1. When the residues of region 707-726 are narrowed to those that are in contact with a Phe, Trp or Tyr (Cβ under 6 Å, 6 or more places away or on another chain) and part of a strand (DSSP E or B), which ends up nearest to M787 (Cα to Cα)?
2. Could you look through region 331-354, keep only residues that are of a type outside the set (V, I, T) and out of contact with any Phe, Trp or Tyr (no Cβ under 9 Å at 6 or more places or on another chain), and pick out the one that is nearest to N675 (Cα to Cα)?
3. Based on this model, can you work out whether L745 counts as hydrophobic (A, V, I, L, M, F, W, C), assigned to a strand (DSSP E or B) and more than 24 Å from D810 (Cα to Cα)?
4. Checking S886 against (1) in contact with a Gly (Cβ under 7 Å, 6 or more places away or on another chain); (2) of a type outside the set (D, E, K, R); (3) more than 25 Å from N388 (Cβ to Cβ), only one condition comes out false. Which one?
5. Show me the strands (runs of 3 or more DSSP E) found entirely inside region 808-871 where at least 3 residues are surrounded by 22 or more Cβ atoms within 10 Å (Cβ to Cβ) and more than 24 Å from the chain's Cα centre (by Cα).
6. Within region 239-249, identify whether any single residue is buried (at least 18 other Cβ atoms within 10 Å of the Cβ), in contact with an Asp or Glu (Cβ under 9 Å, 6 or more places away or on another chain), closer than 30 Å to Y541 by Cα and not hydrophobic (A, V, I, L, M, F, W, C), and answer yes or no.
7. Being within 29 Å of N248 (Cβ to Cβ), of a type outside the set (K, R) and modelled with pLDDT of 95 or more is true for just one of G203, G196. Which residue is that?
8. Across region 623-669, which residue is nearest to S801 (Cα to Cα) among those that are among the acidic types (D, E) and in a strand (DSSP E or B)?
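The values are calculated or read from the model by the stated rules, or taken from the named source; none is laboratory data. Note that this is a predicted model, so its numbers are computed, not measured. Heads up, the Cβs are rebuilt from the backbone with ideal geometry, glycines too, and the neighbour counts pull from every protein chain shown.
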Amino acid sequence: MYIELVWMAFASTAAANIGPLPLPEPTQLFAPDNGLLKLSPEPISALAGALLPFLFTQSGSPVPTSAQDSPSSQTPSPAATSTTPSPAATSTTPSPAATSTTPSPAATSTTPSPATPSTTPSSTPASSSGYNNGGPKVPGSTPSVSRSASRSASSTPGGSSSSGKTSTNYCMGAQTTQTPTEYWLHAQDHTGNGRGYAPFVEGNPSYPVYRDVTAYGAKNDGTGNQTSAIQQAINTDGQGGTRESKGNTYMPAEVFLPGGVYTLGSTLTLRLGTIIVGDPLNRPIIKASSDFIGSTLVNGQDPASGHPETVFMIAMRNVILDTTDIDSSYSFTALQWGIAQGCALSNVEINMPQDSVGHIGIHLNGGSTIAVTDVTINGGGIGIQNSNQQVNFKNINFNGCRTGFAATGGFTVVLQSATFQNCGLGIDMTKNDLGSMVVLDSRSTNTGTLVKFHDSSNDSGSRNSQIVIENLSSSGQYPIAVTSDGTTVLNSQSYVDTWIYGNDIPGSYKAGESAYTTRPSTLLDGNGRYFIRKQPDYSNYPASQVVNVKKVSGLPVKGDGVTDDSTNLNAILRQNAANCQITYFPYGVYILRDTLFIPPGSRIIGEAWAVLSGAGSAFTDTWNPRAVVKVGYPGDVGVAEIQNMRFTVSEVLPGAILLEINMAGTNPGDVGLWNTLTTVGGTADTSVSTSCINQDPSYCMAAFMHVHLAESSSAYVENHWGWTADHNLDGGPSVIVISSGRGILVESTRATWLVGTSFEHNWLYQYNIHSAQNIYAGMMQTETPYMQGEGAIQTVPAPWSISNQYNDPDYSWCSSTDQHCRSALSTNVDGGSNIMLYGSAAWAFFEGTWNGLYNTPCASGICQTNMMRVTNTTHNLAWYSLSTKSTDVMVLDAHSNPREYNNPGGWSGMIQAYRQFMA
């Protein structure tokens, strides 16, 4: 803590005296990028399917630990076979989930829980000042709970509670102001019955999920070389072997660094499934020694995984990286972060020499991630160098960097709530390899030119380097935007509402146009910016306020991928919410044969993306779908915070809604998700990964919907990946054909924030924004299912039926035999008002049957007719930076119907400002 404060004091004092740093020449500081794969071009977010057979040598997916390795008396039995007469449920392949009560090795004890009812006084609910829950209404709109309430009854947990508003007076708002001396996570039981348990690690029932690096010999006093000890903590499988090349999800490692200074003499390499967690009470410093061997302090791109687009399930939070002892002229990178979806980087600080021309803070040298959040970068030649496909960078502070952000590749970037202070150059886009950027809600203080970029207005063919600047505050005397030849196109000014440089609809290319964007007040904070919230770490809570679900006396929970944990988990969640206690899920696969209800007052945090998995007949009826996990009832108001969890199905369940949110908060962000996933197939914990091998998708209608944000909800969702698998991450068949009905349905009318989200390979749509109001979305990444389009075995909507209850688009605008037209929409905006969208990355790659080889792009270069759609009366739709690949019409709107051919840029098509329905 002392070193951190000393550095901050030094940096602020030095920066106050130096003014803007000397501007580097364009590309002077760039490091070599891995680059994006050039495969006609191919879907890089999914190329693991082609590479995994070479990386993982298992002959099939892992299964739960057998009887000879477990204290149980018999091998876990398969899940109950579905009785649904749908082709999607005829498979006889056993599911990992079962009705067995076989105890998990980690959960055999009946030791009473150390958590007792809270004696901490409950604070009063936080003020709702400045938060308009209702927001503007569309004339003639329906009351706010009508649709949601009509659906709730069908998905009520059996015997748990009624379908109406929650009657219990659960706790609300912040509940503690204590300052514990020990972080609650470190105080948990990580070796006994309450530990995380990985049930699909074969022959290793004692596999350690949680690792404290000091237990592996790492010293945190700043001495020596700790690379080997920390690397051992990351790599070990607990049996003298290694996790390297062993899969993504079933063998996770949550690696904890207590506070202190860890000096490294060579590169620390993260592995797939690694979560680095520092103590937020005293963030640990990972520091490069002066005699460091190598050019990268921490490599987050596991070399064993191949290309960055195949690096899944890696996270880092609550740490400081320090390169100040490395010569400032050397080419050196603090963090190599070439990763894909399902990864997370948050609450990280990077300190580099103030006078550096060679140091880079974070280098995203490729990959396909969706969010990097809450990072501070001090000093260095470049703060962030990016060539990742699409990213929302939220709340990034660049202090004293020669160049804050260097765009050296990728297709689209959103810089949200960025701060440039005492930098020579804010953003360098002169290389002309980035398709588009949105600079949103940002500030430039004592910094030179904010954006220097290639002017593509007169380019033939693809037009890259398109820009939108919205809600910018600037205190400097320097120009805000300058082209690479030195021409000023946006002069110095203290405030910019909206400025557009790129393809504009309706209209044509705008070479620097000032405009105005009307924002709904309910989405904004007190400073007029879109509301954002940092991921909670609960560092102000003592360990006594955190309840481990596997250590509650009288309510045994296994997380063994076999036992139904739904009844006891429902009881634990009710109890914890009533007592204002945090619910901690050690890693495990928690089977749910009934809906898990998350009541108001809940705060839930998982270890290493703990898994909540639906199973059984409760979720098989496509005409009466049910939520596997339900957050509140319509009309509920309170707190529900969920982080580091994964929601899935253990078998083919065509009636399963993985996650449904009905409730709202008193204040923005009271209902929130951070670093969560919804997955269908592709992982070791589900039989979907092995049973869905028929080319006809009607045999694997695996889930009804990923996420439903109901009309009564108000939620903040940050860094969420909703993935219907196109390949297996943990071994198994090389070709799988899975059909999930829907991605995310957004019907909220109060206020919704989607900050870095992605939904891929869902059958009817990825995003359906239906009659919604007051919606903010920053970066929406999608991929169309690979087995649709020309030559597909099933033509949309088949094998699914259109649900009027869930307001599906019916594709009636297409001929019944037009398979190009009947391909899943990336985003469907159906009516509503005040819909503010920034950064859409919508990709299509293949058509017809699926061979799993990623080598057959669409024959004509056009995979589908329409990528996005806007229909019915939509009021004040602001949509900036739409990027598409291999479609004809980018937005089907019955007005301009803009096409890729007329709007070239990025991967295929680019619309920098879509203002057809703006107020």
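1. Within region 707-726, the subset in contact with a Phe, Trp or Tyr (Cβ under 6 Å, 6 or more places away or on another chain) is 716, 718, 722, 726.
Now restrict to residues that are part of a strand (DSSP E or B): 716, 718, 722.
On the way: Y716: 32, E718: 29, G722: 18 Å.
Here the answer is G722.
2. Keep residues of region 331-354 that are of a type outside the set (V, I, T), which gives 331-332, 334-338, 340-347, 349, 351-354.
From what's left, out of contact with any Phe, Trp or Tyr (no Cβ under 9 Å at 6 or more places or on another chain): 331, 334-338, 347, 353.
Details: S331: 32, A334: 23, L335: 20, Q336: 20, W337: 16, G338: 18, N347: 13, P353: 31 Å.
The extreme case among them is N347.
3. Values: hydrophobic (A, V, I, L, M, F, W, C): yes; assigned to a strand (DSSP E or B): yes; more than 24 Å from D810 (Cα to Cα): no.
It is false that L745 is hydrophobic (A, V, I, L, M, F, W, C), assigned to a strand (DSSP E or B) and more than 24 Å from D810 (Cα to Cα).
4. All conditions pass for S886, except number (3).
5. Working: elements: 825-830, 833-843, 864-871.
Counting at least 3 such residues, we get 864-871.
6. In the first step, residues of region 239-249 are kept if they are buried (at least 18 other Cβ atoms within 10 Å of the Cβ); the result is 243, 246-249.
Next cut, in contact with an Asp or Glu (Cβ under 9 Å, 6 or more places away or on another chain) only: 243, 246-249.
Filter again for closer than 30 Å to Y541 by Cα, leaving 249.
Those left that are additionally not hydrophobic (A, V, I, L, M, F, W, C): 249.
Checked region 239-249: at least one residue is buried (at least 18 other Cβ atoms within 10 Å of the Cβ), in contact with an Asp or Glu (Cβ under 9 Å, 6 or more places away or on another chain), closer than 30 Å to Y541 by Cα and not hydrophobic (A, V, I, L, M, F, W, C).
7. Step by step, each of G203, G196 is checked, and only G196 is within 29 Å of N248 (Cβ to Cβ), of a type outside the set (K, R) and modelled with pLDDT of 95 or more.
8. The first filter runs over region 623-669 and keeps only residues among the acidic types (D, E), leaving 636, 641, 651, 660.
Filter once more, keeping what is in a strand (DSSP E or B): 641, 660.
Working: E641: 34, E660: 20 Å.
Residue satisfying both the conditions and the ranking: E660.
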